[in-house]
Structures are given as structure tokens and as C-alpha cells.
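My questions will all concern the structure given below.
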Amino acid sequence: MSELVVGVVLKPQGIRGELKVKPYTDSAEAFRAFKRVFLGGAEYKVLSVRTGPDVVFLGLRGVPDRNAAELLRGKEIAIPREEAPAPAEGSFYIADILGSEVITEEGEPLGVLTDVRNAATDIYTLLCGDKEILFPALKDVVVKYDVACKQIVVNKRRFYEVAVL
């Protein structure tokens, strides 16, 4: 079974075992559709979901109090891939582009995408040999995503203007 990472536990919330979660989804509301989640390889049934601006509060079966919730701090939350909603047209899951080859419009290889950091604009980490390059996923930098071929095409001039080498 393949899994999609959908968030990370920030900290316990309150005394009843609720978890404060940073969602990796486009909308925190997506968590309302999840019936079960996995943390550290263990399966948990979702009992309650509350959402706020850029935050989710989860109640899980088997996490009865603050002490149990504290043990999950920093753990990534995953769902089974087959239970994930289909991405909207023109969208994709971050997991689908990790490992993609990043090339220029001219076909020049730049490296492999190894990480995506969520910020106001996603920050991509590119591994080029043994060197990491960071660049923002701006519309004028990233020209095309080819998820099926695991390729990301970038505008070479804009890439070198904004990349942190």
C-alpha cells in the first residue's frame, strides 16, 4: 500500500489528546474526508476534525490524553493513496513530483527534485550532483510539469535569477 503524507503533527492541543496539525493539503478542509490516518506506521481512526486558518485539529482513537498526543509530536500524517481524493485538473500531489528531473526549456538537465517546502510560494530543493539548489516554484520559473514522465521544465534565465546556488 502506498501512502501520501498529508501533514505533520505540530503539538498536542488541550488535555483530551487532540493534535494540532500543519496540513500539506491545499485546503485544511480536505482532512474532513479522511476516515483513517497513519502516524509512524500505526493506523488511527479519525474521530474528530476541526479546522482553522492553515491548521487542523485531529482527534484520533487511541490518543486519549495530552501525554499520548505528545508522543506523536513531529510525526508525519499519511493516508492510503487509494483513499486520497483525485487532484483537481492541473493539480498534483507533491509526492508525485518528488524525484522528478528538472530540465531547462532547451533540455539541459539541472538536477532532481528532492524536497518541497511549503511557504507563501513553495520552495523546491534540487539535487545537482552533491550540491543542493533552492528555488521558488513561481509561474515564470516553472514552465511545465510532466507528472507522467517525472519531469519539470523551467525557464533557464528566470531559474538562475531566483535560485539560491
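The values are calculated or read from the model by the stated rules, or taken from the named source; none is laboratory data. Keep in mind it's a predicted model, so treat the numbers as computed, not measured. In this analysis, Cβ positions are derived from the backbone assuming ideal geometry, glycine residues included, and neighbour counts consider all displayed protein chains.
Counting only residues that are at pLDDT below 95, give me the strands (runs of 3 or more DSSP E) lying completely in the stretch 1-49 with at least 2 of them.
Ranges flagged: 3-13, 18-23.
Let me ask something else. Report, by residue number, each residue of the stretch 124-153 that is assigned to a strand (DSSP E or B), of a type in the set (Asp, Glu) and within 13 Å of Val112 (Cα to Cα).
Of everything in the stretch 124-153, just one residue is assigned to a strand (DSSP E or B), of a type in the set (Asp, Glu) and within 13 Å of Val112 (Cα to Cα), namely Glu132.
Kindly indicate whether any position in the stretch 86-95 is assigned to a strand (DSSP E or B) and in contact with a helix residue (DSSP H, G or I) (Cβ under 9 Å, 6 or more places away or on another chain).
No, the stretch 86-95 has no match at all.
Would you be able to say whether some residue in the stretch 154-162 is surrounded by 11 or more Cβ atoms within 10 Å (Cβ to Cβ), aromatic (Phe, Trp, Tyr), in contact with a Lys or Arg (Cβ under 7 Å, 6 or more places away or on another chain) and not in a loop (DSSP other than H, G, I, E, B)?
No; the residues of the stretch 154-162 include none that is surrounded by 11 or more Cβ atoms within 10 Å (Cβ to Cβ), aromatic (Phe, Trp, Tyr), in contact with a Lys or Arg (Cβ under 7 Å, 6 or more places away or on another chain) and not in a loop (DSSP other than H, G, I, E, B).
Here's a follow-up. Would you mention how many residues in the stretch 1-55 are in contact with a strand residue (DSSP E or B) (Cβ under 6 Å, 6 or more places away or on another chain) and closer than 19 Å to Leu98 by Cβ?
Looking only at that region, the number is 12.
Next question. May I ask you to list pairs of residues, at least six apart or on different chains, whose Cβ atoms are under 8 Å apart, with the first in the stretch 67-80 being in a strand (DSSP E or B) and the second being charged (D, E, K, R)?
Ala78/Glu3; Ile79/Glu3; Ile79/Arg36; Pro80/Glu3; Pro80/Arg36
I need the full set of residues from the stretch 63-99 which are loosely packed, with under 11 Cβ neighbours inside 10 Å and of a type in the set (A, V, I, L, M), in order please.
Result: Ala86, Ala88.
Of all the residues that make up the stretch 1-53, how many are of a type in the set (S, T, N, Q), closer than 14 Å to Asn118 by Cβ and surrounded by 14 or more Cβ atoms within 10 Å (Cβ to Cβ)?
Final tally of qualifying residues: 1.
Within the group Gly90, Gly74, Gly111, Gly99, which residue is at pLDDT below 85, more than 13 Å from the chain's Cα centre (by Cα) and small (Gly, Ala, Ser)?
Result: Gly90 is the single residue among Gly90, Gly74, Gly111, Gly99 that is at pLDDT below 85, more than 13 Å from the chain's Cα centre (by Cα) and small (Gly, Ala, Ser).
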